[in-house]
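Colleague: Structure in structure tokens, see below.
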Amino acid sequence: MPETFEPRNIIVTGGCGFIGSNFVHHVVREHPEVHVTVLDKLTYAGNPENIAGLPEDRVELVVGDICDAELLDRIVPGHDAIVHYAAESHNDNSIADPEPFVQTNVVGTFRLLEACRKHDVRYHHVSTDEVYGDLALDDPARFTEETPYKPSSPYSSSKASSDMLVRAWTRTYGIRSTISNCSNNYGPYQHIEKFIPRQITNIIDGIRPKLYGDGKNVRDWIHTEDHSSAVWTILTKGRIGETYLIGADGEKDNITVLRAILKAMGRPEDDFDWVRDRPGHDRRYAIDSTKLRTELGWQPQHTDFESGLESTIAWYREHEAWWRPAKAATEAKYAKQGQ
Ligand code: NAD
Ligand code: DAU
């Protein structure tokens, strides 16, 4: 086991988004010695409400762009680590308009790496299993740290590009970095453009859920709280220069997930619409997280998907004021795309 890194003052980029804000809550709850500076541009996907109510002496919000080198020069010194979540994160948006994905995910990562190089700050890069492309439904294989990169969408190729920059900056300039590639997250604060919250909020609104293609695409679901504990473990115990895959053995096809949502919300299991498939739609993702579990001793805690789904549904029922402002525009965008 490598020496434990004990950060006291970290920057969390994208800390007002879904997974970043869950990580900020996790750190505040579990690691009282750590101060968090959230750096977030507050795009359509960022909401300061996600971290509202956290103690002001523990969490500070800086509204700004990760591509802004001068801003980074001002705020990075004095911190001992950057945990990088900020991104354009939605595949469908990347197909409709790829440019912000290249800007934020590639150029933004480049700027952060340069800031880490200049100010000698440790860096954890939050990435996705989508960099590995997809697997066939009948393939017994799962992704490992050795799987070759083969991204399919503008989103996943921008994330793959950013991973490559991290590797190069680590090898060439000696940046102290780690990378994690995680599977599909679910839980509170997820934007309603994404599959699970879109269908939950559709049902609340009396709109039929929308299933792409044949509904057989498989995603490997992990509760966002388990993602947070894994990232903390890698940041503090991971070996510099290493990649760790994060997953909780949660493979399910989309129609199974949708039927579970319909059932939990008291609707008939065929009460949904089939809609136009996503172009280039990845068939299956599956993570082998053996390295993280055996080398760093991490284990997921929230592996009962039905109960995680029920608490997620309850969260969206109780937080209508949080998602309501985005609902009409999100559905209008999908309607235009035939989805
Ligand atoms: P999200 O879209 O919910 O949040 C992204 C956040 O980044 C928002 O708060 C947004 O305002 C901020 N942001 C965007 N551009 C910015 C910029 N230029 N400067 C500063 N802030 C900016 O995303 P998410 O689903 O929480 O994903 C977070 C990270 O986790 C991403 O890097 C994503 O690739 C990765 N990831 C996501 C999943 C998943 O299932 N959602 C799985 C694995 C990895
Ligand atoms: O695998 C990790 C990735 O998971 C992350 O890197 C991405 O940031 C995150 O958005 C997610 O990507 P997906 O494309 O897998 O997630 P999404 O929620 O968009 O879709 C999940 C599946 O559901 C996918 O097969 C497409 C399908 N889908 C999606 C929507 C929005 C539908 O069938 N209907 C829908 O309305």
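Colleague: Going by a ≥ b ≥ c, the root eigenvalues of the Cα gyration tensor, does region 223-302 fall in the rounded group (a/c under 1.5), the prolate group (a/b larger than b/c) or the oblate group? Could the numbers behind the result be given before it?
Modeller: Working: a/c = 3.48, a/b = 2.07, b/c = 1.68.
Here region 223-302 falls in the prolate category.
Colleague: Express the relative contact order of region 230-298 as a whole percentage, based on alpha carbon pairs under 8 Å and six or more residues apart in sequence.
Modeller: Working: 37 pairs, mean separation 37.2, N = 69.
For region 230-298, the relative contact order is 54 percent.
Colleague: Moving on to the next point. Could you tell me how many degrees, from 0 to 90 and to the nearest 10, lie between the Cα long axis of helix 254-264 and the main elongation axis, the longest principal axis, of the Cα atoms of the chain?
Modeller: 70
Colleague: Over region 201-339, what is the relative contact order in percent, taking alpha-carbon pairs closer than 8 angstrom and at least six residues apart?
Modeller: Numbers: 146 pairs, mean separation 48.4, N = 139.
Relative CO of region 201-339 lands at 35 percent.
Colleague: Next question. In a GNM of the chain with a 10 Å cut-off on Cα contacts, which of D288, D138, D40 has the highest mean-square fluctuation?
Modeller: For the chain, modelled as a Gaussian network with Cα springs under 10 Å, the answer is D138.
Colleague: To continue, here is another question. What does the charge dipole of region 112-198 about its Cα centre add up to, to the nearest 20 debye, if the Cβ of each Lys and Arg holds +1 and the Cβ of each Asp and Glu holds -1?
Modeller: Numbers: 11 positive and 11 negative charges, 94 e Å.
Value, rounded to 20: 460 debye.
Colleague: On C-alpha positions alone, give me the angle between the axis of helix 224-237 and the longest principal axis of the chain, in degrees, nearest 10.
Modeller: The two axes meet at around 20 degrees.
Colleague: State, as an integer percentage, the relative contact order of region 41-184 based on alpha-carbon contacts under 8 Å between residues 6 or more apart. Each step should come with its number before you reach the end.
Modeller: Values: 180 pairs, mean separation 38.5, N = 144.
For region 41-184, the relative contact order is 27 percent.
Colleague: At 1.567 mPa s and 4 °C, plugging the Kirkwood radius over alpha-carbon pairs of region 1-157 into Stokes-Einstein gives what diffusion coefficient in µm²/s?
Modeller: On the way: Rh = 16.8 Å.
This corresponds to a translational diffusion coefficient of 77 µm²/s.
Colleague: Does anyone have the angle between helix 320-336 and the longest principal axis of the chain? Alpha-carbon axes, 0 to 90°, nearest 10?
Modeller: Rounded to the nearest ten degrees, it is 70.
Colleague: Take the alpha-carbon centre of region 57-104, take the same for region 223-270, and report the distance between them in whole Å.
Modeller: Answer, in whole Å: 23.
Colleague: How many Å² of accessible area per residue for region 24-129, probe 1.4 Å? Each step should come with its number before you reach the end.
Modeller: Numbers: 4450 Å² over 106 residues.
With the other protein chains kept in place, region 24-129 gives 42 Å² per residue.
Colleague: In the structure shown, do any of K216/K237; K41/K263; K210/K252 have a Cα-Cα gap over 27 Å, and if so which?
Modeller: Beyond 27 Å between Cα atoms: K216/K237; K41/K263.
Colleague: Can you pull the percent of the chain's accessible area that's carbon plus sulfur, 1.4 Å probe, other chains left in place? Intermediate values should be presented prior to the final figure.
Modeller: Details: 6980 of 14110 Å².
Ligands and nucleic acids excluded, carbon and sulfur reach 49 percent.
Colleague: Under a Cβ-Cβ cut-off of 11 Å, what is the net charge of the residues other than R8 that fall near it, where Lys and Arg count +1 and Asp and Glu count -1? Intermediate results must be reported in sequence, preceding the final value.
Modeller: Values: positive: none; negative: E6, E33, D80.
Neighbourhood net charge equals -3.
Colleague: Roughly what % of DSSP beta bridges within the chain run antiparallel, to the nearest 5? If you can, show how the numbers build up before the last one.
Modeller: On the way: 3 of 38 bridges.
Counting DSSP beta bridges with both partners in the chain, the antiparallel share is about 10 percent.
Colleague: Rounded, prolate or oblate, given the Cα gyration tensor of region 22-86, with a/c below 1.5 counting as rounded? Walk me through the numbers on the way to the answer.
Modeller: Numbers: a/c = 1.98, a/b = 1.23, b/c = 1.61.
It comes out oblate by the Cα gyration axes.
Colleague: For region 122-159 and region 293-308, what is the separation of their Cα centres, given in Å?
Modeller: 20
The values are calculated or read from the model by the stated rules, or taken from the named source; none is laboratory data. Quick caveat: nothing in here was measured; it's all calculated off a predicted structure. Glycine also receives a Cβ, built like all others from the backbone with ideal geometry; neighbour counts cover every protein chain displayed. Each accessible area value is taken on the protein alone, full model and side chains, heavy atoms only, with ligands, DNA and RNA left out. Shrake-Rupley method; radii C 1.70, N 1.55, O 1.52, S 1.80 Å.
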